[in-house]
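What follows is a single structure, written as structure tokens, with notes after it.
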Amino acid sequence: MHEKHTPGPWEATEGSYGNYINVKAERGTVARIPWGREDTEYDNADAHLIAAAPELCSALETAIGFIACGDESDGARVLSKAMAAIKKARGE
């Protein structure tokens, strides 16, 4: 499937002045989250969730294909891919 978004993987990194979090891809910055406000906890979580978007999308596409086909032999791989994407989204 052709993606309309910037290809992953994306990574959340602290900005050069420490007042924002960059979400970067190979081609450059995808998003910039202000950091250091009252709700810094949410800023970090938001950045990780955004950075995991390509993997989450891919895992869901795989899961939908798996469910549609009912191919039980591939279940462990689908589960592993989905769990890895969720961990990344949570910043784990």
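The values are calculated or read from the model by the stated rules, or taken from the named source; none is laboratory data. Given the structure is predicted, the values throughout are model-derived calculations rather than measurements. With ideal geometry, Cβ positions are generated from the backbone for all residues, glycine too; neighbour counts draw on all protein chains shown. Keep in mind that these areas ignore ligands, DNA and RNA; they rest on the heavy atoms of the full protein, side chains included. Shrake-Rupley method; radii C 1.70, N 1.55, O 1.52, S 1.80 Å.
Every Cα-Cα pair of the chain was included, and the share exceeding 19 Å stands at 47 percent.
With r as the distance between the Cβ atoms of E14 and C57 and R0 = 25 Å, compute the FRET efficiency 1/(1 + (r/R0)^6) and round to 0.05. For R0 = 25 Å, the calculated efficiency reads 0.50. Modelled spin labels at A45 and K4, positioned 7 Å past Cα toward Cβ, are 2.9 nm from each other. Could you work out what % of the accessible surface of the stretch 8-92 is carbon and sulfur, using a 1.4 angstrom probe and leaving DNA, RNA and ligands out of the count? Whole-percent figure for carbon plus sulfur exposure: 56. The dipole here belongs to the chain: it is taken about the Cα centre, uses +1 on the Cβ of Lys and Arg and -1 on the Cβ of Asp and Glu, and is about 200 debye. With the Cα gyration tensor of the stretch 48-88 giving a ≥ b ≥ c as the square roots of its eigenvalues, does the rule (a/c under 1.5 for rounded; else a/b larger than b/c for prolate; else oblate) give rounded, prolate or oblate? It is oblate, given that a/c is not under 1.5 and a/b is not larger than b/c. From most to least packed by mean Cβ count within 10 Å, the peptides 58-69, 20-31 give 20-31, 58-69. The string of couplings for the stretch 9-20 from the Karplus curve (6.51, -1.76, 1.60, θ = phi - 60°) is x, 10, 9, 8, 9, 5, x, 4, 9, x, 10, 7 Hz, one whole number per residue in order, with x for Gly and Pro.
Counting only the Cα atoms, the stretch 23-76 fills a convex hull of 102 Å³ per residue. With protein chains left intact and a 1.4 Å probe, residues in the chain average 71 Å² of accessible area per residue.
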